[in-house]
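Trainee: Here it is, the structure in full.
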Amino acid sequence: MTGLATALRTLAVTAAAGLLAVTGAVAAPAPPASAAPEPKAPREFVALSSVDRTILQEMRYTTGHNFVGEPVEGYRQPLCILTRPAAEALHRAQLRLLARGYTLKVYDCYRPQRAVDHFVRWAKDLEDERMKKEFYPLVDKSRLFADGYIAEKSGHSRGSTVDLTIVRLPAAPTRAYVPGEELVECSAPQEERFPDNSVDMGTGFDCFDTLSHTDDPRIRGEQRANRDLLRGALAEQGFVNLPEEWWHFTFKPEPFPSAFFDFPVARRSVAGH
């Protein structure tokens with residue numbers, strides 16, 4: 001009987017397999033493969049704080065105080081990440097400025113491609129103008145691409161571009177932005193626009209206005225001197241200014257002149273570097 005029972009069980013299994021083939025039924029799916037790990041930065045990238053702890057960091061895109069009005073995709077932590085040559089050049093500029101009673105303050109450093117994509121989606125949504133009054137009061141949002149304020153690629157994603165300003169020492173604290181608070185034009189006089197412990201550069205950071213052009217002739221006196229101080233200190237260390245934005249500088253030669261990275265802005269991206 002044992003042999004017969006075994007034969008019957010084998011026949012039943014064989015018949016069941018045949019039935020599955022005929023009816024198209026499928027077995028339970030295999031468990032899904034684990035998600036691929038997020039990319040890490042190449043070893044040439046470092047956290048700026050590992051090179052210079054004295055440079056102030058006010059990373060705007062991790063907050064709602066930016067032209068989008070919300071934290072930007074890919075910015076996991078308020079951290080400045082740069083290629084090591086760019087970070088070391090900033091350190092040298094910082095030493096020169098400290099001796100004169102100033103410090104650098106960075107607003108944005110490496111920017112992942114997913115953040116740039118977020119900017120592009122936002123720019124195409126013409127209904128979302130929640131931050132217009134501060135950041136682009138005189139620019140029609142439909143013109144952001146044509147006028148060059150938004151693009152599908154950014155030099156920041158190559159890791160050697162930084163947005164920054166200078167602060168007179170001792171540095172006063174900058175108050176936190178309160179979502180929904182009354183906005184003031186970024187081109188308004190310094191005492192009227194959102195408070196920033198930066199010296200007066202003539203506009204706020206990320207001001208979509210021709211007044212932000214580094215050499216705009218309307219910028220004179222103390223504001224002109226401050227822009228020239230920033231540009232001169234960085235130029236000595238190999239940084240080149242973008243003429244349309246007084247705050248925007250790229251270290252040359254770039255270690256990655258044609259790569260656009262997408263690892264998140266997070267400590268884990270440069271852990272161990």
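Trainee: Has the stretch 247-256 got at least one residue that is part of a helix (DSSP H, G or I) and either open to solvent by 40 Å² or more (accessible area, probe 1.4 Å) or within 25 Å of Glu73 (Cβ to Cβ) (or both)? Even if it seems obvious, please write down each step before you answer.
Mentor: Of the residues in the stretch 247-256, the ones part of a helix (DSSP H, G or I) are none.
No.
Trainee: Still on this structure, I have one more. Need pairs with beta-carbon distance below 6 Å; first residue under 22 Å from Asn197 (Cβ atoms) and without any contact (Cβ under 8 Å) to a residue 40 or more places away in the chain and within the stretch 217-241, second small (Gly, Ala, Ser) and part of a loop (DSSP other than H, G, I, E, B); sequence gap 6+ or separate chains.
Mentor: Matching pairs, first to second residue: Ile219/Gly202; Gln223/Gly202.
Trainee: Taking the stretch 24-67 as the search range and keeping residues that are hydroxyl-bearing (Ser, Thr, Tyr) and modelled with pLDDT of 95 or more, which one is farthest from Ala115 (Cα to Cα)?
Mentor: Thr54
Trainee: Follow-up question, since we're still on this one. Looking at the stretch 227-244, is at least one residue part of a loop (DSSP other than H, G, I, E, B), under 18 Å from Ala93 (Cβ atoms) and touching a strand residue (DSSP E or B) at 6+ places or on another chain (Cβ under 6 Å)? Step through it out loud before you land on a result.
Mentor: Step one: of the stretch 227-244, the residues part of a loop (DSSP other than H, G, I, E, B) are 236-238, 242-244.
Narrowing further to those that are under 18 Å from Ala93 (Cβ atoms): 236-238, 242.
Then keep just the ones that are touching a strand residue (DSSP E or B) at 6+ places or on another chain (Cβ under 6 Å); that gives 238, 242.
Checked the stretch 227-244: at least one residue is part of a loop (DSSP other than H, G, I, E, B), under 18 Å from Ala93 (Cβ atoms) and touching a strand residue (DSSP E or B) at 6+ places or on another chain (Cβ under 6 Å).
Trainee: Determine which single condition Pro189 fails, assuming it passes every other condition in (1) open to solvent by less than 20 Å² (accessible area, probe 1.4 Å); (2) more than 24 Å from Ala47 (Cβ to Cβ).
Mentor: For Pro189, the exception is condition (1).
Trainee: Let me ask something else about it. Considering the stretch 169-184 alone, what residues qualify as being closer than 19 Å to Leu104 by Cβ and modelled with pLDDT of 95 or more? Talk me through it step by step, then tell me what you get.
Mentor: Just the residues of the stretch 169-184 that are closer than 19 Å to Leu104 by Cβ, to begin with: 169-174.
If the condition is that a residue be closer than 19 Å to Leu104 by Cβ and modelled with pLDDT of 95 or more, then Leu169, Pro170, Ala171 are the ones that fit.
Trainee: Name every residue in the stretch 236-246 that is under 20 Å from Arg84 (Cα atoms) and open to solvent by 60 Å² or more (accessible area, probe 1.4 Å), in order of residue number. Explain how you work it out, then say what you get.
Mentor: Residues of the stretch 236-246 under 20 Å from Arg84 (Cα atoms): 236-241.
If the condition is that a residue be under 20 Å from Arg84 (Cα atoms) and open to solvent by 60 Å² or more (accessible area, probe 1.4 Å), then Glu236, Val240 are the ones that fit.
Trainee: Taking Arg76 and the conditions (1) free of Cβ contacts under 8 Å to residues at least 60 places away in the same chain; (2) open to solvent by 50 Å² or more (accessible area, probe 1.4 Å), which numbered condition does it fall short on, given that it satisfies the others?
Mentor: Only one criterion in (1) free of Cβ contacts under 8 Å to residues at least 60 places away in the same chain; (2) open to solvent by 50 Å² or more (accessible area, probe 1.4 Å) is unmet by Arg76, namely (1).
Trainee: Criterion first (outside any strand (DSSP E or B) and either under 19 Å from Asn197 (Cα atoms) or touching an Asp or Glu at 6+ places or on another chain (Cβ under 7 Å) (or both)) does Ala123 satisfy it? Can you show your working first?
Mentor: Values: outside any strand (DSSP E or B): yes; either under 19 Å from Asn197 (Cα atoms) or touching an Asp or Glu at 6+ places or on another chain (Cβ under 7 Å) (or both): no.
For Ala123, the condition - outside any strand (DSSP E or B) and either under 19 Å from Asn197 (Cα atoms) or touching an Asp or Glu at 6+ places or on another chain (Cβ under 7 Å) (or both) - is not met.
Trainee: So which of Ser187, Ser258 is over 23 Å from Phe135 (Cα atoms), among the small types (Gly, Ala, Ser) and modelled with pLDDT of 95 or more?
Mentor: Numbers: Ser187 fails: over 23 Å from Phe135 (Cα atoms).
Just a single option satisfies the conditions, and that option is Ser258.
Trainee: What number goes with the only condition from (1) closer than 24 Å to Gly69 by Cβ; (2) out of contact with any Leu (no Cβ under 6 Å at 6 or more places or on another chain); (3) assigned to a strand (DSSP E or B) that Leu211 does not pass?
Mentor: Of the numbered conditions (1) closer than 24 Å to Gly69 by Cβ; (2) out of contact with any Leu (no Cβ under 6 Å at 6 or more places or on another chain); (3) assigned to a strand (DSSP E or B), the odd one out for Leu211 is (3).
Trainee: Of the numbered conditions (1) open to solvent by less than 30 Å² (accessible area, probe 1.4 Å); (2) touching a strand residue (DSSP E or B) at 6+ places or on another chain (Cβ under 8 Å), Arg267 fails exactly one; give the number of that condition.
Mentor: Against the list (1) open to solvent by less than 30 Å² (accessible area, probe 1.4 Å); (2) touching a strand residue (DSSP E or B) at 6+ places or on another chain (Cβ under 8 Å), Arg267 comes up short only on (1).
Trainee: Separate question: Inspect the stretch 63-83 for any residue being part of a helix (DSSP H, G or I) and touching a strand residue (DSSP E or B) at 6+ places or on another chain (Cβ under 8 Å) and give the result as yes or no. Don't jump to the end; show me each part of the working.
Mentor: Of all residues in the stretch 63-83, those part of a helix (DSSP H, G or I) come to none.
No, the stretch 63-83 has no match at all.
Trainee: Here are some conditions: (1) small (Gly, Ala, Ser); (2) closer than 24 Å to Val72 by Cβ; (3) in contact with a helix residue (DSSP H, G or I) (Cβ under 9 Å, 6 or more places away or on another chain). Gly202 meets all but one. Which one does it not meet?
Mentor: Answer for Gly202: the failing condition is (2).
Trainee: Okay, next question. Consider Ala86 against the criteria (1) part of a helix (DSSP H, G or I); (2) open to solvent by 10 Å² or more (accessible area, probe 1.4 Å): it satisfies all of them except one. Which criterion is unmet?
Mentor: (2)
The values are calculated or read from the model by the stated rules, or taken from the named source; none is laboratory data. As the structure is a prediction and not an experimental result, all values here were calculated from the model. Methodologically, a virtual Cβ is constructed for each residue, glycine included, from the backbone with ideal geometry; neighbour enumeration extends over all protein chains shown. When the accessible area is computed, the model is the full protein with side chains, heavy atoms only, and any ligands, DNA or RNA have been set aside. Shrake-Rupley method; radii C 1.70, N 1.55, O 1.52, S 1.80 Å.
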